Protein chains: 2
Amino acid sequence: MKIDICYTPELIQQFDVSDKCIVVIDVLRATSCMVAGLGSGVESIRPVATVEECEALGKQGYIMAGERGGKKLAQFNIGNSPFDYMQSEFKGKRIAATTTNGTRAIDLSKGAPEVIIGAFLNLSAIVNYLKSQKRDILLFCAGWKGHYNLEDSLFAGAVCDGLKKEAEFDSDAAISAFYLYESMQKDLFYYISRSNHAARLSKFGIIKDIEYCSSPDAFDIVPKLVDGSLTI
Amino acid sequence: MKIDICYTPELIQQFDVSDKCIVVIDVLRATSCMVAGLGSGVESIRPVATVEECEALGKQGYIMAGERGGKKLAQFNIGNSPFDYMQSEFKGKRIAATTTNGTRAIDLSKGAPEVIIGAFLNLSAIVNYLKSQKRDILLFCAGWKGHYNLEDSLFAGAVCDGLKKEAEFDSDAAISAFYLYESMQKDLFYYISRSNHAARLSKFGIIKDIEYCSSPDAFDIVPKLVDGSLTI
């Protein structure tokens, strides 16, 4: 089993995804929200690219979730905080979600036979699941506006670390992320707080979100993309 | 002064290079060769994109240097080893060079007001030069066929380390490369030997090149691109 990393959506064209198990990663905060929501009883989450698609699904009874540039959209029910997604009244409900980077990465993954959703919140579940399947793995970081970001790369490194006995690191991207995680794993929150994305988000007063999104293994679930929706 | 990193030529469109000092980096082996040659008395090196351009310059008296996929081209005078470039009979001569990744990165840098050439072989010279100038800095890794690579990123991290007091890390790419270098600096050759590119090159029996390209500060020079040619 081989494992590789795509650091930003701008590089995905360089990878043959047709036979891969893709793990989409957007730690701050799209995939953390998805894990938190589905782990707290939300029935399904439908990632969509545009505000308009989200509003159309809202008319069909979906909870509308979304942000642009880290801020909740005024007309939506909830923004892009994992705590928004964990509200007890959303149990059994469907959420339609649009975010800046995460939704785009999911959309670009659709040529793969399997797409799952990873965040520190379900790190061990992702590692265990990947060990049990046979496909080569592509860890797909959502990045930030097409750029490399620290928190997604660190999570990718954590997955490489978890699979170091089972998987062959298929690129320097995997080797680097592995060593980066090794050097930072003792204080993930500290390093993620130093990332540029966290600095931007901190302006919105959501340090609590960053801390929560940096904490491993709150949920033992593996969300999968099936027919355009995420379920567990 | 801000410092940022572009990890592969595929991402350069995301950066505004119009006001930057760009450091082009292709440790294995294009920029190492350029530093070794110019540091050993070669008058100038002209990077060109194609074999045909190189041959045309050969007819004008240039030494023809080039490789494709790590191998010397049969009709050329020399390949892409720093030892090739350091031959005493090349003192005062002009070299035309075409390589897989490095030439492309130089070509894509031409919109910047200043383009200089970095490798471990001139690490301290690059750091000292960057301290003395005022522009924001973009470290431009040539990568490997559009992919992230370890050795160029490590060199970028070394430059960030050298400028940590003078420059603001302007992205997560800079933060990550800095920490990666911190964790690997005690044995650069070991880690660079583990890179995928080094593994590919090792098949051609050039472990000596990899060791030499991993050694810092053999030359106290800063090659600059002026009118399409590199000189010091």
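Could you say which residue among A:Phe120, A:Phe83 is of a type outside the set (D, E, K, R) and either surrounded by 21 or more Cβ atoms within 10 Å (Cβ to Cβ) or over 21 Å from A:Tyr212 (Cβ atoms) (or both)?
Going through A:Phe120, A:Phe83 in turn, just one is of a type outside the set (D, E, K, R) and either surrounded by 21 or more Cβ atoms within 10 Å (Cβ to Cβ) or over 21 Å from A:Tyr212 (Cβ atoms) (or both): A:Phe120.
Is there a residue in the range A:61-74 that is within 16 Å of the chain's Cα centre (by Cα), crowded, with 24+ Cβ neighbours inside 10 Å and not in a strand (DSSP E or B)?
No.
For B:Leu11, only one of the following conditions fails: (1) out of contact with any Cys (no Cβ under 9 Å at 6 or more places or on another chain); (2) crowded, with 22+ Cβ neighbours inside 10 Å; (3) away from every other protein chain (no Cβ under 14 Å). What is its number?
Status for B:Leu11: all satisfied but (3).
Can you tell which of A:Gly39, A:Gly61, A:Gly66 is touching a Leu at 6+ places or on another chain (Cβ under 6 Å) and farther than 25 Å from B:Gly146 by Cβ?
Only one candidate qualifies: A:Gly66.
I'd like the residue in the range B:135-146 that is modelled with pLDDT under 95 and surrounded by fewer than 22 Cβ atoms within 10 Å (Cβ to Cβ) and, out of all such residues, is nearest to the other protein chains (Cβ to nearest Cβ).
This residue is B:Gly146.
Of the residues A:Ser124, A:Ser176, which is within 14 Å of chain B (Cβ to nearest Cβ), at negative phi, touching a helix residue (DSSP H, G or I) at 6+ places or on another chain (Cβ under 8 Å) and hydroxyl-bearing (Ser, Thr, Tyr)?
Being within 14 Å of chain B (Cβ to nearest Cβ), at negative phi, touching a helix residue (DSSP H, G or I) at 6+ places or on another chain (Cβ under 8 Å) and hydroxyl-bearing (Ser, Thr, Tyr) holds for just one of A:Ser124, A:Ser176, which is A:Ser176.
Any residue at all in the range A:198-209 that's small (Gly, Ala, Ser), crowded, with 20+ Cβ neighbours inside 10 Å and either at pLDDT below 95 or part of a helix (DSSP H, G or I) (or both)?
Yes: one or more hits.
Just to be sure before I move on: is A:Ser193 without any contact (Cβ under 8 Å) to a residue 40 or more places away in the chain, within 19 Å of A:Asn80 (Cβ to Cβ) and either within 14 Å of another protein chain (Cβ to nearest Cβ) or touching a Gly at 6+ places or on another chain (Cβ under 8 Å) (or both) in the structure I sent?
Yes; evaluated as a whole, the condition is true for this residue.
Taking the range B:150-171 as the search range and keeping residues that are at pLDDT below 95 and within 10 Å of chain A (Cβ to nearest Cβ), which one is surrounded by the most Cβ atoms within 10 Å (Cβ to Cβ)?
Only one residue tops the list, namely B:Ser171.
The values are calculated or read from the model by the stated rules, or taken from the named source; none is laboratory data. All values reported here derive from a predicted model rather than from experimental measurement. Using ideal geometry, Cβ is built from the backbone for each residue, glycine included, and neighbour counts are taken over all protein chains shown.
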